[in-house]
């Protein structure tokens, strides 16, 4: 052992590398040639010691030899553990503590991993080591597998999937009481992005085991183990419908509930609020819930989970976190997001949410309290986004809650003393903070989206302006604000609410058009040329609004009827320019980002431009607007011409009749063809018979001719003469028949294609009769 | 949603014999005529009653295609019951039963109850495998047998429930070790006498990997 001790002790330098390589070589030789286990063990230990510093050398020279050790010496835990550690050092890309990591470090580990897993037996071998209970074997195996997985995830996943019981063996690690082995990092790596492995892991009772571990470790108060467990759970459930279904059916949602009960004493006992670990755990716990009810899941799946969450009281617990004190802002934000997705589109859950009261004095609905933070500039940006998302989810696909919100804006419902959602939204819409304007406008948009009744109701809203001036309608106030300029975000927000309001609501359109200033304003916006990035969006939206005014115009405003608007657009803006402006909206990257999912995942206020629901509206109407504006003749783009359809219907009917007639025709043809085929066959047989008879007769005649038989010779000579004549006649007829046959077969060939060959068919039967009678006569002749 | 027992099932058999349709008919009571290839494995569940006891069935419907065989094999070990399905209108699916059975016997626990199912019994006109042949095969290999139609729902309930009855009977007879969840059986929360923890024991210290 002296020689390598010297090397390890030697000062750094060129010499060391070369001698290091030499040593590795010598050690390898010793491992492979020594007959004594002790010697081999020493050599492997030495290799292990060198494997960090001389990764390349050890990796290239010792790989096969060490694999051999794993196979041959598996009864000796010590040597196995050294060999596994050596592999770990060679594959691991983590910079070792002592060296100043060489630049090629990271690719090296991957390359060695690739070599190692090329033989899938090696992986199988590693998996069998997991069955060894000895810590010195199991632990380095776990480490090695983890590093292999992180280097070549996809490849290794496929190998493990195929190894019999491969996944099960890894799963058994979860029942190891030694935390360092139970560590879920390995399972996390294993399951990442691989649906089939995720399902097998779930089948092996992973949910139950993991939730038990979380419980044992103190749930959210637990440490890193809980964090890993939660990450693993998320891994198993994200985008995996089958596992989500299993999770729900296995009643695991109910088992999550206790984790969300917040202990008030906890906050009280800790002066500095929540620990970082608890915050992390809580975040993961909330995200887990969101995974189950994500709007991206199949709808029936989400609905079923939402139902369970309401029934088991999880929603209630989440709502009490909303109203609890001492909850860190980011946890609160995530809780709001979670509540949003638990109630989104589920009527009972939305109803429950509407009934939640905040513990304030006097008690206010939770919705109102949340909206207060939304329009409050001082609240954190992400929190305000979360509140808007929550409000949107509360209104999503729920006409009742939509009307509840609009009701609070109407004069009749006004209760002077209490703050209502409507007041907050109107206040937010017209205050000086552009973000508040945006949030409020989008919130209002969601209260009327796809709901014509509420669009009309909203028209009734009047706003009191400064004393002495007459009240102004909400719609007109929006237009006024728009024309006064202001921040881009405000303009976009107002345009979105106006577009959403006017779409599919002709009364709103005519209200809008009745103010003669509005259309000229839009025209001037669309036709102006100067455009920075955001100005382009404003122009595009103005074009869209103009288009909507045209689409849903009931021609009640004389100055701006459908055709008048079309004229204006074509003359003042130009079709090309209009189309261009409209298209640029959908091409904007903010638009694409917003259209992806309903959740607002903005990090910075500047990213707030479009609303998800608005992008849907835009997508739906963009083409119709273009068609209506560019369409020549009738502007009635929305109604497909009735007579046109009638025309096609009759055409279809005609064609169907034709097809039927042709089909019948074809059947007839086929029948005829087969019958004529039969005739031809019969005729062929007859002709053959005739030929045979003819030949026979000839032969008879010849034999009769040479030896003149005794008998009535005189008469026989005449008879022969007569017969010969008849025979000639027969031959002629035969030729005739042959010709006929040829023509028959050609008829047959044409039968399928020919239109009506029935006359020819009829013509053939007398011929046939004729033939038959000839045949009879011939037979008679023969007999005589 | 409490239950006395929970059984895990798998459904196996050639591709296109109607495994997913059987499951859909059993869990959702509907039939989907379009063949939608199962990728890997899909999960379904339903509650049934046997002997006045609530029994939860968790069913894993596997892909029949050869390329998924290695994946589906992972599910044999943990299942208490298996529905082995063939298509009575396709002789080859019947001929492959032996292979399926060998595979199942090799990878599953020995007590797994296997129900042989001849599916598509509504297509009498196109039948290629006689009912007697199915019965004979089942008798020979010690399976329960039934002909079903996932389309008309004929015998579908019975197939799943009879399998459960068989498992239940085995539990009563003490054949199944109900405390070992690896057998695909679990006792319901209110029935379990003790809550067995995860403690395995052992004292492995934390000194691995520092030898030189």
Checking residue B:75 against (1) farther than 21 Å from residue B:176 by Cβ; (2) at the interface with chain A (Cβ under 9 Å from one of its Cβ atoms), the condition it does not meet: (1)
Per-region count, segment A:520-537, residues more than 14 Å from residue A:618 (Cβ to Cβ) and surrounded by 22 or more Cβ atoms within 10 Å (Cβ to Cβ): 3
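Answer with yes or no whether residue A:58 is modelled with pLDDT under 80, within 14 Å of another protein chain (Cβ to nearest Cβ) and either part of a helix (DSSP H, G or I) or farther than 19 Å from residue A:20 by Cα (or both). Step through it out loud before you land on a result.
On the way: modelled with pLDDT under 80: yes; within 14 Å of another protein chain (Cβ to nearest Cβ): yes; either part of a helix (DSSP H, G or I) or farther than 19 Å from residue A:20 by Cα (or both): yes.
The answer is yes for residue A:58.
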Hits in segment A:71-88 - residues which are within 14 Å of chain B (Cβ to nearest Cβ), more than 40 Å from the chain's Cα centre (by Cα) and touching a residue at least 40 places away in the same chain (Cβ under 8 Å): A:77, A:78, A:79, A:80, A:81, A:82, A:84, A:85, A:86
Within segment A:230-254, tally of residues that are facing chain B (nearest Cβ under 10 Å) and in a helix (DSSP H, G or I): 10
Yes/no for residue A:392 being in contact with a helix residue (DSSP H, G or I) (Cβ under 6 Å, 6 or more places away or on another chain) and outside any helix (DSSP H, G or I): no
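Go through segment A:660-674 and give me each residue that's closer than 12 Å to residue A:745 by Cα and surrounded by 13 or more Cβ atoms within 10 Å (Cβ to Cβ). Show your work before the answer.
Initially, segment A:660-674 is screened for residues closer than 12 Å to residue A:745 by Cα, giving A:673-674.
Passing the criteria: only A:673.
Residues checked against (1) in contact (Cβ under 8 Å) with a residue 12 or more places away in the chain; (2) in a strand (DSSP E or B); (3) on the phi < 0 side of the Ramachandran plot:
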residue: B:105; (1), (2), (3): no, no, yes
residue: B:109; (1), (2), (3): yes, no, yes
residue: B:114; (1), (2), (3): yes, yes, yes
residue: B:121; (1), (2), (3): yes, no, yes
residue: B:133; (1), (2), (3): yes, no, yes
residue: B:139; (1), (2), (3): no, no, yes
Tally, over segment A:206-218, of residues that are more than 9 Å from chain B (Cβ to nearest Cβ) and under 21 Å from residue A:248 (Cβ atoms): 6
Of the criteria (1) within 26 Å of residue A:351 (Cβ to Cβ); (2) part of a loop (DSSP other than H, G, I, E, B), which one residue A:424 fails: (2)
Qualifying residue in segment A:113-122 (condition: modelled with pLDDT of 85 or more, under 21 Å from residue A:71 (Cβ atoms) and within 14 Å of chain B (Cβ to nearest Cβ)): no
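Within segment B:143-173, can you find the residues that are free of Cβ contacts under 8 Å to residues at least 12 places away in the same chain and in a loop (DSSP other than H, G, I, E, B)? Don't jump to the end; show me each part of the working.
Initially, segment B:143-173 is screened for residues free of Cβ contacts under 8 Å to residues at least 12 places away in the same chain, giving B:169, B:172-173.
Result: B:173, single match.
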Count of segment B:8-67 residues which are in a helix (DSSP H, G or I) and either more than 19 Å from residue B:154 (Cβ to Cβ) or in contact with a strand residue (DSSP E or B) (Cβ under 7 Å, 6 or more places away or on another chain) (or both): 8
Segment A:349-406, subset crowded, with 22+ Cβ neighbours inside 10 Å, in contact (Cβ under 8 Å) with a residue 60 or more places away in the chain and over 29 Å from the mean Cα position of the chain (by Cα), residue farthest from residue A:610 (Cα to Cα): A:371
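So if I check each of B:24, B:57, which one is crowded, with 16+ Cβ neighbours inside 10 Å and either away from every other protein chain (no Cβ under 13 Å) or farther than 19 Å from residue B:187 by Cβ (or both)? Working first, answer last.
Details: B:57 fails: either away from every other protein chain (no Cβ under 13 Å) or farther than 19 Å from residue B:187 by Cβ (or both).
So the residue among B:24, B:57 that is crowded, with 16+ Cβ neighbours inside 10 Å and either away from every other protein chain (no Cβ under 13 Å) or farther than 19 Å from residue B:187 by Cβ (or both) is B:24.
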Residue tally, condition assigned to a helix (DSSP H, G or I) and more than 8 Å from every other protein chain (Cβ to nearest Cβ), over segment A:127-137: 4
Meets criteria (part of a helix (DSSP H, G or I) and either crowded, with 21+ Cβ neighbours inside 10 Å or over 33 Å from the mean Cα position of the chain (by Cα) (or both)) for residue A:465: no
Flag for residue A:294 being buried (at least 17 other Cβ atoms within 10 Å of the Cβ) and within 21 Å of residue A:246 (Cα to Cα): yes
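Could we say that residue A:623 is modelled with pLDDT of 85 or more and surrounded by 13 or more Cβ atoms within 10 Å (Cβ to Cβ) here?
Working: modelled with pLDDT of 85 or more: yes; surrounded by 13 or more Cβ atoms within 10 Å (Cβ to Cβ): no.
Judged against the criteria, residue A:623 is not a match.
Please work out which residue is farthest from residue A:223 (Cα to Cα), limiting yourself to segment A:187-205 and to residues that are crowded, with 24+ Cβ neighbours inside 10 Å and either away from chain B (no Cβ under 11 Å) or in contact with a strand residue (DSSP E or B) (Cβ under 6 Å, 6 or more places away or on another chain) (or both).
Filtering segment A:187-205 for residues crowded, with 24+ Cβ neighbours inside 10 Å gives A:187, A:190-191, A:197-203.
If we keep only those that are either away from chain B (no Cβ under 11 Å) or in contact with a strand residue (DSSP E or B) (Cβ under 6 Å, 6 or more places away or on another chain) (or both) too, we end up with A:187, A:190-191, A:199.
Details: A:187: 18, A:190: 22, A:191: 22, A:199: 27 Å.
Ranking the qualifying residues of segment A:187-205, first place goes to A:199.
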Single residue of segment B:27-46 satisfying the filter (more than 26 Å from residue A:194 (Cα to Cα) and either more than 14 Å from chain A (Cβ to nearest Cβ) or over 15 Å from the mean Cα position of the chain (by Cα) (or both)) that is surrounded by the most Cβ atoms within 10 Å (Cβ to Cβ): B:31
Residue in segment A:219-229 that is facing chain B (nearest Cβ under 10 Å) and touching a residue at least 24 places away in the same chain (Cβ under 8 Å) present: no
In segment A:291-312, the residues that are in contact (Cβ under 8 Å) with a residue 12 or more places away in the chain and more than 18 Å from the chain's Cα centre (by Cα): A:303, A:304, A:305, A:306, A:307, A:308, A:309, A:310, A:312
From A:287, A:316, A:299, residue being modelled with pLDDT under 90 and within 24 Å of residue A:598 (Cβ to Cβ): A:299
Residue under evaluation residue B:73, criteria (1) crowded, with 20+ Cβ neighbours inside 10 Å; (2) touching a strand residue (DSSP E or B) at 6+ places or on another chain (Cβ under 8 Å), criterion not met: (2)
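Tell me, which residue of segment A:147-183 that is away from chain B (no Cβ under 14 Å) and without any contact (Cβ under 8 Å) to a residue 60 or more places away in the chain is surrounded by the most Cβ atoms within 10 Å (Cβ to Cβ)?
A:148
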Odd one out for residue B:52 among (1) away from every other protein chain (no Cβ under 14 Å); (2) surrounded by fewer than 24 Cβ atoms within 10 Å (Cβ to Cβ); (3) touching a residue at least 12 places away in the same chain (Cβ under 8 Å): (3)
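The values are calculated or read from the model by the stated rules, or taken from the named source; none is laboratory data. Just so it is clear, the structure is predicted and the values come from calculations on it, not from any experiment. Note that we place each Cβ from the backbone using ideal geometry, even for glycine, and neighbour counts take in every protein chain shown.
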